[in-house]
Amino acid sequence: MAFGKLLNVLKSVSNEICGPVLASRAYVDGTLVGKNVGVTLPEVTPQTIEIEAMGKLTLPMWHLLEDMEAKITKPGTDLGLGRMLGAKKLALEIRWAQEAVGPSGDMREFGCKAFITGIPKSLPGSELSPGETTENELTYAVLRYQLFVDEEEMICVDRLAGKCKIAGVDYAKDIEKYL
């Protein structure tokens, strides 16, 4: 997608007030594993360097990132939970619908998707109480993370492929040409 088109999408979205998440679903390897899941998407944090410039100056290095993790809170203990576990790499997909209000008061729904390649960091324990729904929080070490908002790619970080693309700019590509 052209960077100009991405800027137009960001401008239209920035004029809106984002409302609540209406519903969410989680998929593992293309199979539905949970509805109305809670998700904490990965934080993408660059490592920093310090240089001397009128004292200490700390700058981000977007081609070197800190560790990333994602969390999914799944209601219920079922076969879907079983598909989310294991000591192996999993292809996770999170989809959610969100509402927005435009400057004129018009409301619209839009979709978001997050694709995460991750490895479970632990197996969750469950607290069981009669009359209450169980919740299981699963934490994943993230190898790859891609976020789409209203069908436009916003983030694509692939740790193993050396890719860090944010809002259409690949911050790691210039490093590759020197290697």
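The values are calculated or read from the model by the stated rules, or taken from the named source; none is laboratory data. Quick caveat: nothing in here was measured; it's all calculated off a predicted structure. Neighbour counts are summed over all protein chains in view; Cβ atoms, including those assigned to glycine, are modelled from backbone coordinates with ideal geometry.
Would a scan of region 100-111 turn up a residue that is under 16 Å from the mean Cα position of the chain (by Cα), under 30 Å from residue 19 (Cα atoms) and among the aromatic types (Phe, Trp, Tyr)? Checked region 100-111: no residue is under 16 Å from the mean Cα position of the chain (by Cα), under 30 Å from residue 19 (Cα atoms) and among the aromatic types (Phe, Trp, Tyr). Does residue 91 fit the bill of being touching a strand residue (DSSP E or B) at 6+ places or on another chain (Cβ under 7 Å) and hydrophobic (A, V, I, L, M, F, W, C)? The answer is yes for residue 91. Of the residues making up region 33-70, those that are more than 28 Å from residue 163 (Cα to Cα) and in a strand (DSSP E or B) are 33, 34, 35, 52, 56.
Does residue 177 fit the bill of being basic (Lys, Arg) and surrounded by 17 or more Cβ atoms within 10 Å (Cβ to Cβ)? So residue 177 fails the test. Being in a strand (DSSP E or B), surrounded by 15 or more Cβ atoms within 10 Å (Cβ to Cβ) and touching a Lys or Arg at 6+ places or on another chain (Cβ under 8 Å) holds for only one residue in 115, 110, and it is 115.
Does any residue of region 75-83 turn out to be touching a Ser or Thr at 6+ places or on another chain (Cβ under 8 Å) and on the phi > 0 side of the Ramachandran plot? Yes, because at least one residue in region 75-83 is touching a Ser or Thr at 6+ places or on another chain (Cβ under 8 Å) and on the phi > 0 side of the Ramachandran plot. Checking the structure you have, find out if any residue of region 7-25 is charged (D, E, K, R) and modelled with pLDDT of 95 or more. So far as region 7-25 goes, yes, one or more of its residues are charged (D, E, K, R) and modelled with pLDDT of 95 or more.
Residues of region 125-155 that are in contact (Cβ under 8 Å) with a residue 40 or more places away in the chain and either exposed (fewer than 12 other Cβ atoms within 10 Å of the Cβ) or outside any strand (DSSP E or B) (or both): 126, 133, 134, 150, 151. In the set 53, 97, only one residue is more than 21 Å from residue 144 (Cα to Cα) and at pLDDT 95 or above; that residue is 97.
Here the condition is being free of Cβ contacts under 8 Å to residues at least 24 places away in the same chain and not aliphatic (A, V, I, L, M); of 60, 75, it holds for 60 alone.
Count of region 71-107 residues, restricted to those that are small (Gly, Ala, Ser), assigned to a strand (DSSP E or B) and within 17 Å of residue 27 (Cα to Cα), is 2.
Checking each residue in region 32-60 for being among the aliphatic types (A, V, I, L, M) and more than 20 Å from the chain's Cα centre (by Cα) picks out 49, 51, 53, 54, 57, 59.
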